[in-house]
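Visitor: Right, I'll just put the structure down here and ask away after.
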Amino acid sequence: MYIKDKFKEKKVVYSFEIFPPKASSPIETIYNTLEALQDLKPDYISVTYGAGGNISDNRTVELSSLVKNKYGIESLAHLTCISSSKETIDQIMQQLKAANVENILALRGDIPLDSEPAGDFQYASELVAYLRQQKGFGIAGACYPEGHIDALSLEQDLEALKLKVDAGADYLISQLFFDNDFFYDFLERVEQKGINVPIQAGIMPVANTRQIERIVSLCGATIPKKFLKIMERYEHDKKALRDAGIAYATEQIIDLISSGVRGIHLYTMNNPYIARKITANISSVLEFTNEQSGSRDE
Ligand code: FAD
């Protein structure tokens, strides 16, 4: 099933992101995580590609296939293009087709620091257009409520996003953010630009301060005072930090759903405990909201 069709059935699409285990670990190490996530009945699970820019030990196809065929959950395979030739992209598309994985998150990927990009594509919108030509996939794209870190301005980033949607992205998933007001401002600007595909809000619960510091330095998300207070107060107590992080993410999500956002994409960091707690906290709100929905034309 194409994920875009889930947005027609539901007011709020709820999904998880996971990453493949390291090449040195057997794929079975992810089974426990997947079993736990399966119980939470997400609308789909996305699988990252080439973590840290390394696409040589890529297990995205294998794991996307497992999600779909062993666990019966729709899967979304991430795919980056900045360091890949058309031949490599073609090969991955064939593998995904053979595994019955029907959805791709088309990404540029980060520009490699130590070498010139070797791919046939410069921007994600070019990959979107290429995938669209080949047919047979639902296509998602990434978006950045606070602007992409390389972008010259918010307006230029929005222009680029419009190109990506016009090239054929069915829907968008946002970069993580900790202040919902950035997301609401972004939605307004997107609407004014004439971009009208559904947008899922990407939410990352804080699990440890090092992880958040690293991610924020990579993507530039603003840390609100309220969030900083939590990180500083509990940084030396793992459990307290985890539970405060769960509470913070829950509050963000409830506010987003109440404000009518079309989807929540939870960056699970392969941590089923956190996903389970958050899902329990929001499940009645999700159910109530989705029960109110008829079918939608989007
Ligand atoms: P693009 O949409 O191509 O944008 C990149 C930059 O180029 C932006 O600054 C944009 O404004 C600019 N731009 C785009 N088009 C044009 C144009 N025509 N002219 C001028 N400027 C232009 N990375 C991974 O390696 N693996 C993953 O699995 C992964 N998953 C992700 C999932 C999500 C939901 C998100 C939000 C990001 C993910 N990333 C992942 C990170 C992503 O690869 C990086 O943020 C990357 O730097 C940009 O990718 P993009 O697809 O948004 O690029």
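Visitor: Out of 264, 278, I need the residue that is part of a helix (DSSP H, G or I) and crowded, with 21+ Cβ neighbours inside 10 Å. Which one?
Guide: Working: 264 fails: part of a helix (DSSP H, G or I).
From the options 264, 278, the qualifying one is 278.
Visitor: Follow-up question, since we're still on this one. Output the number of the condition that residue 182 fails; it satisfies all remaining conditions of (1) in contact (Cβ under 8 Å) with a residue 60 or more places away in the chain; (2) in contact with a Pro (Cβ under 8 Å, 6 or more places away or on another chain); (3) not acidic (Asp, Glu).
Guide: Of (1) in contact (Cβ under 8 Å) with a residue 60 or more places away in the chain; (2) in contact with a Pro (Cβ under 8 Å, 6 or more places away or on another chain); (3) not acidic (Asp, Glu), only one is false for residue 182: (1).
Visitor: Scan region 96-111 for residues that are in a loop (DSSP other than H, G, I, E, B), more than 6 Å from the ligand (Cβ to nearest atom) and of a type in the set (D, E, K, R) and jot them down. Full working, then the answer.
Guide: To start, the set of residues in region 96-111 that are in a loop (DSSP other than H, G, I, E, B) comprises 99-102, 108-111.
This time we only want the ones that are more than 6 Å from the ligand (Cβ to nearest atom), so: 99-102, 111.
Of everything in region 96-111, just one residue is in a loop (DSSP other than H, G, I, E, B), more than 6 Å from the ligand (Cβ to nearest atom) and of a type in the set (D, E, K, R), namely 102.
Visitor: Please go through (1) farther than 22 Å from residue 9 by Cβ; (2) near the ligand (Cβ under 10 Å from one of its atoms) for residue 185 and return the number of the only condition it doesn't satisfy.
Guide: Here residue 185 meets the rest and fails (2).
Visitor: Another question, if that's okay. Filtering region 118-158 down to residues that are more than 24 Å from residue 267 (Cα to Cα) and touching a Ser or Thr at 6+ places or on another chain (Cβ under 9 Å), which residue is surrounded by the fewest Cβ atoms within 10 Å (Cβ to Cβ)?
Guide: Residue satisfying both the conditions and the ranking: 118.
Visitor: Kindly indicate the residue of region 72-95 that is touching an Asp or Glu at 6+ places or on another chain (Cβ under 8 Å) and assigned to a loop (DSSP other than H, G, I, E, B) and also surrounded by the fewest Cβ atoms within 10 Å (Cβ to Cβ) among those meeting that condition.
Guide: Result: 85.
Visitor: While we're here: What about residue 215, is it under 30 Å from residue 163 (Cα atoms), β-branched (Val, Ile, Thr) and either outside any helix (DSSP H, G or I) or modelled with pLDDT under 95 (or both)? Reasoning before the result, please.
Guide: Details: under 30 Å from residue 163 (Cα atoms): yes; β-branched (Val, Ile, Thr): yes; either outside any helix (DSSP H, G or I) or modelled with pLDDT under 95 (or both): yes.
Yes, satisfied.
Visitor: Hey, does region 133-140 have a residue that's away from the ligand (no atom under 11 Å from the Cβ) and in a strand (DSSP E or B)? Break it down stepwise before answering.
Guide: Quick first cut of region 133-140, residues away from the ligand (no atom under 11 Å from the Cβ) only: 133-139.
Imposing the further condition that a residue be in a strand (DSSP E or B) reduces the set to 138-139.
Yes, the conditions are met somewhere in region 133-140.
Visitor: Where residues in region 68-87 are polar (S, T, N, Q) and more than 14 Å from the ligand (Cβ to nearest atom), which of them is nearest to residue 163 (Cα to Cα)?
Guide: Going residue by residue through region 68-87, those that are polar (S, T, N, Q) are 69, 75, 80, 83-85.
Going one step further and asking which of them are more than 14 Å from the ligand (Cβ to nearest atom), we end up with 69, 85.
Details: 69: 33, 85: 21 Å.
Once the filter is applied, the top-ranked residue is 85.
Visitor: Then there's this: Considering only region 18-42, state which residues are among the charged types (D, E, K, R) and closer than 19 Å to residue 99 by Cα. Please lay out each step first, then the result.
Guide: Looking only at region 18-42, we keep the residues that are among the charged types (D, E, K, R), and these are 22, 28, 35, 39, 41.
Listed by number, the list holds a single entry, 28.
Visitor: Determine, yes or no, whether residue 192 is of a type outside the set (Lys, Arg) and within 8 Å of the ligand (Cβ to nearest atom). Before the answer, list the steps.
Guide: Details: of a type outside the set (Lys, Arg): yes; within 8 Å of the ligand (Cβ to nearest atom): no.
In short, no.
Rundown of residues vs (1) within 11 Å of the ligand (Cβ to nearest atom); (2) under 16 Å from the mean Cα position of the chain (by Cα); (3) within 26 Å of residue 11 (Cα to Cα); (4) among the polar types (S, T, N, Q), yes/no style:
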| residue | (1), (2), (3), (4) |
| --- | --- |
| 114 | no, no, no, no |
| 118 | no, no, no, no |
| 124 | yes, yes, no, no |
| 127 | yes, no, no, no |
| 131 | no, no, no, no |
| 145 | yes, yes, yes, no |
| 152 | yes, no, no, no |
| 176 | yes, yes, yes, no |
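Visitor: While we're on this one: Please go through region 70-125 and give me each residue that is hydrophobic (A, V, I, L, M, F, W, C), in contact with a helix residue (DSSP H, G or I) (Cβ under 7 Å, 6 or more places away or on another chain) and closer than 19 Å to residue 173 by Cα, ordered by number.
Guide: Scanning region 70-125 gives 73, 76, 77, 79, 81, 101, 104, 106, 107, 124.
Visitor: So the check is Cβ under 6 Å with 6+ separation or different chains; which pairs have a first residue in region 93-112 that's touching a residue at least 40 places away in the same chain (Cβ under 8 Å) and closer than 27 Å to residue 157 by Cβ and a second one that's hydroxyl-bearing (Ser, Thr, Tyr) and near the ligand (Cβ under 7 Å from one of its atoms)?
Guide: 107/80; 109/80
Visitor: What number of residues within region 170-185 satisfy the criterion of being more than 24 Å from residue 242 (Cβ to Cβ) and either in contact with a Phe, Trp or Tyr (Cβ under 8 Å, 6 or more places away or on another chain) or in a loop (DSSP other than H, G, I, E, B) (or both)?
Guide: Result for region 170-185: 2.
The values are calculated or read from the model by the stated rules, or taken from the named source; none is laboratory data. Everything numeric here is computed off the predicted structure, so don't read it as measured data. Every residue, glycine among them, receives a Cβ derived from its backbone with ideal geometry; neighbour counts consider all protein chains shown.
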